[in-house]
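Peer 1: Please read through the structure below; I'll follow up with questions.
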Amino acid sequence: MKALSLRITAWITSLFTLNYRTNAVFPLFLSFQRVYIITWNVGSAVPPDDITSLFGPNVSDGSIDMFIIGLQEVNSMINKRLKDVLFSDQWSELCMDTLSPFGYVLVASQRMQGVLLLVFSKFCHLPFLRGVQTQSTRTGLGGYWGNKGGVSARMTMFGHPVCFLNCHLPAHMRNLEQRMEDFESILQQQQFEGGAATGVLDHDVVFWFGDLNFRIEDYDIHVVKCAIDSNKLPLLWERDQLNMAKNTESILEGFMEGQLKFPPTYKFDVGTHTYDTSAKKRKPAWTDRILWRLRRTGSPVPTHNAALQRGLTSWLGGATKVTQHAYRSHMGFTISDHKPVSALFSLHFPFRVDMPLAELQVNKEWCKASDATVRFTVASTYQRSSWDWVAIYKVGFRHHKDYQAYVWAKGEHATQVTFSEEDLPRDDCEYMLGYYSHNLNSIVGLSSPIQEWHPVWSSAAVAHLLQGLTYCALTDHLLHKLVITRGYLDYCCSPISSKLSGYSPLASTRHFHPECCGSLDIFSFSVHTQ
């Protein structure tokens, strides 16, 4: 019996490894998710040119499943804010530019003035991240101003509710009580629709991070700096306001944090690694923090694989666990008076089998217009909406609206959608199809990448091609090169009567037609006369 259990375990592990490492969108046997969280008060600074190092050494190898970025004091001047309403803000664009080439997609974003939260996931996990919702709570000026407060994003990850909360709490040593009151207000006001986890603390796992502004009590600035220089950080931990408050404040019950083995991340002279030398001489402090909390008791969220789950949970399951692998600062960034802080976690969930709610069937090669019909099926438990849609995405897309084209999946019993010829890609890049759920605010199904998109020729495109050939015939020139690339017809011709060895093109013409697509050399040769 023991040998049988070992063989079954090995089989399940092999299935998980295959799906996880190949990024395939198939049923997944989940053991853990690696989540990388960043918090940074950017001090209204313009983003630097490159922040790749901020995402750690593993950003390019796909070993991180999700990146969570919490920023504070993003430039929120009126003229800048109006521009950001019309277009994505610079920080969001920079994060997408950095992460999307490695296969990460923006799942959720929420901004409240200078407080910004971004959630990225590997694209293969998208069908298993559902019920995405965001909230924001203002606490500045008694709740009327959003310079302080919290923004959050919640979702179910493979059926388990998880919440990410980015806060900017009141500053200064004397405002400890106000910080606690604001945090409690944020937790009370942020409520989500549907499901069992309606409040922040109702989620199985909560990550709380941001510029929490807790300070170091009792010691003066000289003692603090001396402890930092001599690497006696435990001396400062004992007087850290947040560490002390966890023992006395009921609202902090259950929140955990890794050891602070890095120097305080505030306050620095901008552009340097030197603590504040201004007239105010602010005392260094660990204002920038990342904590987590597990719900004491939890019941699994029902899935359409519940029967199979019940048969395996008894011996493969267990309590939800969070393991912190790293907690560090990034001292190399100097654009702000704060240093960024990051933490790497593994989330281990009770064993669960989950399936995409939508499956899309599509030909691996699209060679004619009729191939542009996409058939799909949805799970019997899935509640469809007339606002659902199916989209064509280029591999490496940045967010769910970064599509080539989309078609509404209308009708309660609809099983297919058809894209027009004008919607089809006109290059040789890889594409995939996705089913977007309006009710769950997420992509609930992805196809495998479509390897080849062949030209789809219409009568107008063929006529345009013949026009080029006719031009050469009427002018007694020999067409010796014709190239069709991304809608452009390029052809060169030379006189037939030429007695020169070789040729010199006397005519070079480029025409564009949007229905000529692909990249195809028809023929290319030289004319030699004796």
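Peer 1: Taking into account only those residues within the stretch 373-417 that are of a type in the set (Gly, Ala, Ser) and more than 28 Å from the chain's Cα centre (by Cα), which is farthest from ASP354 (Cα to Cα)? Before the answer, list the steps.
Peer 2: Step one: list which residues in the stretch 373-417 are of a type in the set (Gly, Ala, Ser), which gives 379-380, 385-386, 391, 396, 405, 409, 411, 414.
Applying the additional criterion that residues be more than 28 Å from the chain's Cα centre (by Cα) yields 380, 411, 414.
On the way: SER380: 14, GLY411: 26, ALA414: 24 Å.
Among those that are of a type in the set (Gly, Ala, Ser) and more than 28 Å from the chain's Cα centre (by Cα), it is GLY411.
Peer 1: Now, a different point. Which ones in the stretch 369-381 are crowded, with 20+ Cβ neighbours inside 10 Å and within 20 Å of HIS125 (Cβ to Cβ)?
Peer 2: Taking the stretch 369-381 first, the residues crowded, with 20+ Cβ neighbours inside 10 Å are 372, 374, 376, 378.
Of everything in the stretch 369-381, those that are crowded, with 20+ Cβ neighbours inside 10 Å and within 20 Å of HIS125 (Cβ to Cβ) turn out to be PHE376, VAL378.
Peer 1: Condition (residue is part of a strand (DSSP E or B) and modelled with pLDDT of 55 or more) applied to the stretch 59-66: is it met by at least one residue? Walk me through it before giving the result.
Peer 2: First, pick out the residues of the stretch 59-66 that are part of a strand (DSSP E or B): 66.
The next check asks that each one be modelled with pLDDT of 55 or more; those that pass are 66.
Yes, some residue in the stretch 59-66 is part of a strand (DSSP E or B) and modelled with pLDDT of 55 or more.
Peer 1: Filter the stretch 133-179 for residues that are buried (at least 21 other Cβ atoms within 10 Å of the Cβ) and among the aliphatic types (A, V, I, L, M); which is farthest from VAL42 (Cα to Cα)?
Peer 2: Checked the stretch 133-179; the qualifying residue farthest from VAL42 (Cα to Cα) is MET157.
Peer 1: Let me ask something else. Please name all residue pairs, on different chains or six or more residues apart, with Cβ atoms under 6 Å, provided the first residue is in the stretch 408-431 and is free of Cβ contacts under 8 Å to residues at least 40 places away in the same chain and the second residue is surrounded by 15 or more Cβ atoms within 10 Å (Cβ to Cβ) and part of a loop (DSSP other than H, G, I, E, B).
Peer 2: Listed by first residue and then by second, the contacts come to ALA409/ASP388; GLU430/PRO449; TYR431/PRO425.
Peer 1: If you go through the stretch 137-168, how many residues are of a type in the set (Ser, Thr, Tyr) and touching a Gly at 6+ places or on another chain (Cβ under 7 Å)?
Peer 2: Residues of the stretch 137-168 that are of a type in the set (Ser, Thr, Tyr), as a first pass: 137, 139, 144, 152, 156.
So of that shortlist, the ones also touching a Gly at 6+ places or on another chain (Cβ under 7 Å) come out as 137, 139, 156.
Counting residues in the stretch 137-168 that are of a type in the set (Ser, Thr, Tyr) and touching a Gly at 6+ places or on another chain (Cβ under 7 Å) gives 3.
Peer 1: Quick one: is PHE207 touching a residue at least 12 places away in the same chain (Cβ under 8 Å), surrounded by 11 or more Cβ atoms within 10 Å (Cβ to Cβ) and assigned to a loop (DSSP other than H, G, I, E, B)?
Peer 2: no
The values are calculated or read from the model by the stated rules, or taken from the named source; none is laboratory data. Quick caveat, the model's predicted, so the values are computed rather than measured. Every residue, glycine as well, gets a Cβ built from its backbone with ideal geometry; the counts of neighbours run over all protein chains shown.
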